[in-house]
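The values are calculated or read from the model by the stated rules, or taken from the named source; none is laboratory data. If you're wondering where the values come from, they're calculated on a predicted model, not measured in any experiment. Because the Cβ atoms are built from the backbone with ideal geometry, glycine has one as well, and the counts that use them run over all protein chains shown. All accessible areas refer to the heavy atoms of the entire protein, side chains included, with ligands and DNA or RNA removed. Shrake-Rupley method; radii C 1.70, N 1.55, O 1.52, S 1.80 Å.
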There are 2 protein chains.
Amino acid sequence: MKWNAWGDPALAKPLSDRILTLLTSVFGELQHVDTPDAADVVLRPSALTPDDIAALTAAVGAENFSTADADRLPRAGGKSTFDLLRRKSRDVQDAPDAVVLPATDEEVAAVLAVCVERRIAVVPFGGGTSVTGGLEPIRGDFAAVISLDLHHSDQLSKLDEVSREATLGAGLTGPAAEALLAEQGYELGHYPQSFRFATIGGFAATRSSGQDSAGFGRFDDMIRGLRVITPEGVLDLGRAPKSAAGPDLRELFSGSEGTFGIITAVRLRVHPVPAEKRHESWRFPDFATGAAALRAVTQNGTGPTVIRLSDEVETGLNLAMTDKIGGDQVSGGCIGMTVFEGTADQVNGRHETTRAALLAAGGESLGDEPALAWEHGRFDAPYLRDGLLANGALCETLETATDWGNLDRLKGAVTQALQATLQETGTGSIVMCHISHIYPTGASLYFTVIGAQRGDPIAQWQRAKNAACDAIMANGGTITHHHAVGADHRPWMDQEVGELGVRVLRAVKAAVDPTGILNPGKLIP
Amino acid sequence: MKWNAWGDPALAKPLSDRILTLLTSVFGELQHVDTPDAADVVLRPSALTPDDIAALTAAVGAENFSTADADRLPRAGGKSTFDLLRRKSRDVQDAPDAVVLPATDEEVAAVLAVCVERRIAVVPFGGGTSVTGGLEPIRGDFAAVISLDLHHSDQLSKLDEVSREATLGAGLTGPAAEALLAEQGYELGHYPQSFRFATIGGFAATRSSGQDSAGFGRFDDMIRGLRVITPEGVLDLGRAPKSAAGPDLRELFSGSEGTFGIITAVRLRVHPVPAEKRHESWRFPDFATGAAALRAVTQNGTGPTVIRLSDEVETGLNLAMTDKIGGDQVSGGCIGMTVFEGTADQVNGRHETTRAALLAAGGESLGDEPALAWEHGRFDAPYLRDGLLANGALCETLETATDWGNLDRLKGAVTQALQATLQETGTGSIVMCHISHIYPTGASLYFTVIGAQRGDPIAQWQRAKNAACDAIMANGGTITHHHAVGADHRPWMDQEVGELGVRVLRAVKAAVDPTGILNPGKLIP
């Protein structure tokens, strides 16, 4: 993963002339962006004392400890637009004071014990793909902060083929986990956009939801058990698939974003690699018709693996298909995608009932090609942002969810807030939206915003982001459907869960992390 | 609901001669049981002071407050075998010191404020159907305890037909809630055996799971939002269908059994009343084959509304069909039941794929009749227990859940523990089991135990129950799949969630109920 951009350097794509022309025609002249090399970046020096270093080294071994800038820089933040813009600064950049790579639960516990004793904050690190400030090296009340990198927790330690459960190490990336499962004919089916880099532990800690959530569920649905190392001891959560033995504590540690403990292993529901896969794309005359069609599919339980709907703006830009952005339109109206997986019988049955529901709700089939194109580029959209940011455009995504009955109101309010605020900063904007996760009672809304950088782009985007978050809270949305809270959404958590809800979260934290070393400044106000 | 037996007095059934003959032939002579009338019961006098009474009366009005024995006795406990045996005592029986019936959230908050100030414990009361000691009038460190009866919270306050959500008052019984929804063409589809008496708030507080869970989900799956009144303030949980904004606090208050707050309203996923319904019954050669067949159904997602499997013993006694208990066997082997609901197309599709899976897994169809008979008597089994207890037999149920791969081991261990312990108390026993809730990774096990009362039946059953709970914990089960923890399962909670898990629960409780008035002695060790 690149230190200052998304993903694999080999896959980076400079903006095409077509897109650059489109940008300047919409936004006018774009300002120059200074893009320093890694060698030009000046990191805050490590604040660890020789005694700190000796204690941490004793916990994990010298080969699993580093204060080198080359190790600290890639863990200085995540991959939000804020993060990527901060990485361009020629001022001193903040970074964790060391990177520590424990190999076992015992080493994780030993690291936490050192950090409690020596009062060092701990930021857990998986794939580094947070887009909500979950990896900010916030020291809180502490003199130092370390990045606790879990990538040595990379085992498939158990596969129960009867119960269809796999216990996977927290540090396994999506592809690494799928490769281990595929050796035995299974898969997890969790494909968020961050799939290629993000990790099993990160999926659990952030309540991730993947593009196949309609078929295989959100990541929290897949969690059968969690192993969590805290400064106060170890939790092995999940005695049974479901239980009435009080609150479900798995649901308290899912989404805890490293503030309650270090998730080192996750026991997950898996399924055999599907035998068949089928794609169909759809056109709806408008977003409201398309949304009602998706609602019919989930409320009737017709079983697609993937179902998505782009609004008119996203459809018009072909943003659903990364390879074709800005090219000729596939269609007017709103494009939708469906994918079906399973045995041949399952695929036939699910496809037949879903297409009947979509046709009845006003959809028109566009065949398989657009859905195949979407699938081909499904993990590539973040590369586009790098090109936009480098060329003076502003680009970011944000997401929320609400009930079906409130979808239009929320979509309109967020769009309006983004456009109006960016206009105040001196740029027009393109605000696109899609639905990619559906439930019987509601759906997610995922916005992509493009504008021009004007002045300090960090301050500019902060203003727009604040307005969007305020609009979400004022119009019945959740502050995040699948990107988590981190440092960026934390100011809205009191509205999200209420003042007493915040006190409950603080009480849990005090029970498992009384010194407060775990990921300070994230999630809990 | 009767004070000393299950349900509606008009539906009580004395044991048939056939069953009595069966009992004495299996267990020998049964001991006489003394069954006092309500007029013979001596209740512990109310411990409330005149000042307490004045303050509580001021909170809810005189007409919603009572210290009369006739009101306290029906709220002295739930409907476990322990409870029913305790009600037969001619010694002084414990009971709440008053019954308080608030009509609004504000009145609930006012009652809690009085109880905090005057140090009075509070036991929330819905339908009174707890079978795990959830209603024990435990005073804890307090001088008095009241029963907070929620039956005035009986409104359908909102129905959103687009989002398919209904907000229902906590005090609505199952039939009352379904009647309100049916007026507008909807239903909840939650049918536990306690359905006729238990309440919406009780279902949420205990993580109930109904007989249609395969189709409509557990009650916690249906919860879109919760309103909870605590001594420290009000929580309105659930901003969106699903969210990544930290832990899901709905899952912390679901199953909190009145120890974290008073649930006064629940926003629930509902669905249109199904147009069609179809039944099919099955015979499997043995339990292992049947369990594997049910596993195939859930792991392939074929969509029955109800699916159940009785073991050989339960099948032999026809216990699956209350009207026919002890009569001619429907079949050897193990009987299974399936029910399908939905539109005609959905019923056809779900039935076709489910029956294909069950046939492939070794099932033989028995037509619709046994499944219709099961459905007809689905809420009546508890009446049978009253007749057994009155005639000197011992009868109780208990349940757990585990992974598919561990099902046989757990079933064998619990059966063995019950039989061996009851043998030590001087009676043979019949231990039956069925599966009634299935998940892709595992299933519930529901045991029914019949023996003869020997000496003090409370002490006798406590010994057997302890052995069963120990066996559950030693063999990978959960202490309860859908009956909750209450006072009865509380001694096993430290094993269920671990010592640190218990500290987390205590921390949450301290945040919302710092004086500890809420349902002391339940759930949290």
Item to check | Unique match (being over 27 Å from the mean Cα position of the chain (by Cα) and under 30 Å from A:VAL100 (Cα atoms)) among A:PRO9, A:PRO50 | outcome: A:PRO50
Checklist outcome for this item: Of the residues in the range B:32-88, those that are outside any loop (DSSP other than H, G, I, E, B), farther than 20 Å from B:LEU388 by Cα and not β-branched (Val, Ile, Thr) number 23
Next on the checklist: What pairs come out if I take residues in the range A:252-278 that are touching a residue at least 12 places away in the same chain (Cβ under 8 Å) and under 21 Å from A:VAL108 (Cα atoms) and pair them with residues that are in a loop (DSSP other than H, G, I, E, B) and acidic (Asp, Glu) whose C-beta lies under 9 Å away, six or more apart or interchain?
Outcome noted: A:LEU252/B:ASP248; A:SER254/B:ASP248; A:GLY255/B:ASP248; A:THR259/A:ASP513; A:PHE260/A:ASP513; A:GLY261/A:GLU232; A:GLY261/A:ASP513
Checklist entry - Residues B:ALA95, B:ALA5, B:ALA38: which one is aliphatic (A, V, I, L, M), within 29 Å of B:CYS395 (Cβ to Cβ) and in contact with a Leu (Cβ under 6 Å, 6 or more places away or on another chain)? => result B:ALA95
Item to check | Answer residue from the range A:406-446, given it is in a loop (DSSP other than H, G, I, E, B) and open to solvent by less than 20 Å² (accessible area, probe 1.4 Å) and is nearest to the other protein chains (Cβ to nearest Cβ) among those | outcome: A:THR441
Checklist entry - Any chance the range B:361-373 includes a residue that's within 30 Å of B:LEU30 (Cα to Cα) and either touching a strand residue (DSSP E or B) at 6+ places or on another chain (Cβ under 6 Å) or of a type in the set (D, E, K, R) (or both)? => result no
Next on the checklist: Out of the residues in the range B:332-355 meeting the condition of being more than 12 Å from B:PRO304 (Cα to Cα) and assigned to a helix (DSSP H, G or I), tell me which one is nearest to the other protein chains (Cβ to nearest Cβ).
Outcome noted: B:ASP345
Checklist entry - Of all the residues that make up the range B:494-525, how many are within 7 Å of another protein chain (Cβ to nearest Cβ) and either in a loop (DSSP other than H, G, I, E, B) or in contact (Cβ under 8 Å) with a residue 12 or more places away in the chain (or both)? => result 6
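Each row is one residue, and each column tells you yes or no for (1) facing chain A (nearest Cβ under 7 Å); (2) open to solvent by 20 Å² or more (accessible area, probe 1.4 Å); (3) farther than 23 Å from A:THR206 by Cβ.
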| site | (1), (2), (3) |
| --- | --- |
| B:LEU226 | no, no, yes |
| B:GLY233 | yes, yes, yes |
| B:SER256 | yes, no, yes |
| B:THR259 | no, no, yes |
Checklist entry - Counting only residues that are in contact (Cβ under 8 Å) with a residue 12 or more places away in the chain, closer than 21 Å to A:TYR186 by Cα and open to solvent by 20 Å² or more (accessible area, probe 1.4 Å), which one in the range A:330-345 is nearest to the chain's Cα centre (by Cα)? => result A:THR343
Checklist entry - If B:VAL26 satisfies every condition in (1) within 19 Å of B:VAL99 (Cα to Cα); (2) open to solvent by 70 Å² or more (accessible area, probe 1.4 Å); (3) of a type in the set (A, V, I, L, M, F, W, C) but one, which is the exception? => result (1)
Next on the checklist: Kindly evaluate B:ARG164 against the criterion of being within 14 Å of chain A (Cβ to nearest Cβ) and among the basic types (Lys, Arg).
Outcome noted: yes
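Test of understanding: among A:ALA240, A:ALA288, which residue is more than 9 Å from chain B (Cβ to nearest Cβ) and of a type in the set (Gly, Ala, Ser)?
A:ALA288
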Item to check | Filter result for B:ALA205 (within 11 Å of another protein chain (Cβ to nearest Cβ), surrounded by 24 or more Cβ atoms within 10 Å (Cβ to Cβ) and not in a loop (DSSP other than H, G, I, E, B)) | outcome: yes
Next on the checklist: Can you go through B:ALA390, B:ALA381 and tell me which one is under 19 Å from the mean Cα position of the chain (by Cα) and open to solvent by 10 Å² or more (accessible area, probe 1.4 Å)?
Outcome noted: B:ALA381
Next on the checklist: Going by what's in this entry, would A:THR315 be described as closer than 25 Å to A:GLY377 by Cβ, within 14 Å of another protein chain (Cβ to nearest Cβ), open to solvent by less than 10 Å² (accessible area, probe 1.4 Å) and at pLDDT 90 or above?
Outcome noted: no
Checklist entry - Considering the range A:396-405 alone, what residues qualify as being assigned to a helix (DSSP H, G or I) and buried (at least 23 other Cβ atoms within 10 Å of the Cβ)? => result A:TRP404
Checklist entry - Restricting to the range A:472-492, what's the tally of residues that are among the hydrophobic types (A, V, I, L, M, F, W, C) and facing chain B (nearest Cβ under 7 Å)? => result 3
Checklist entry - Filtering the range B:121-151 down to residues that are hydrophobic (A, V, I, L, M, F, W, C) and more than 22 Å from B:LEU235 (Cα to Cα), which residue is farthest from the chain's Cα centre (by Cα)? => result B:ALA143
Checklist outcome for this item: Counted residues in the range A:209-223 being open to solvent by less than 10 Å² (accessible area, probe 1.4 Å) and within 9 Å of chain B (Cβ to nearest Cβ) come to 2
Checklist entry - Of the numbered conditions (1) in contact (Cβ under 8 Å) with a residue 40 or more places away in the chain; (2) open to solvent by 20 Å² or more (accessible area, probe 1.4 Å), A:PRO45 satisfies every one except a single condition; which is it? => result (1)
Next on the checklist: Take the conditions on the phi < 0 side of the Ramachandran plot and surrounded by 24 or more Cβ atoms within 10 Å (Cβ to Cβ) and apply them to B:SER80. Does it pass?
Outcome noted: yes
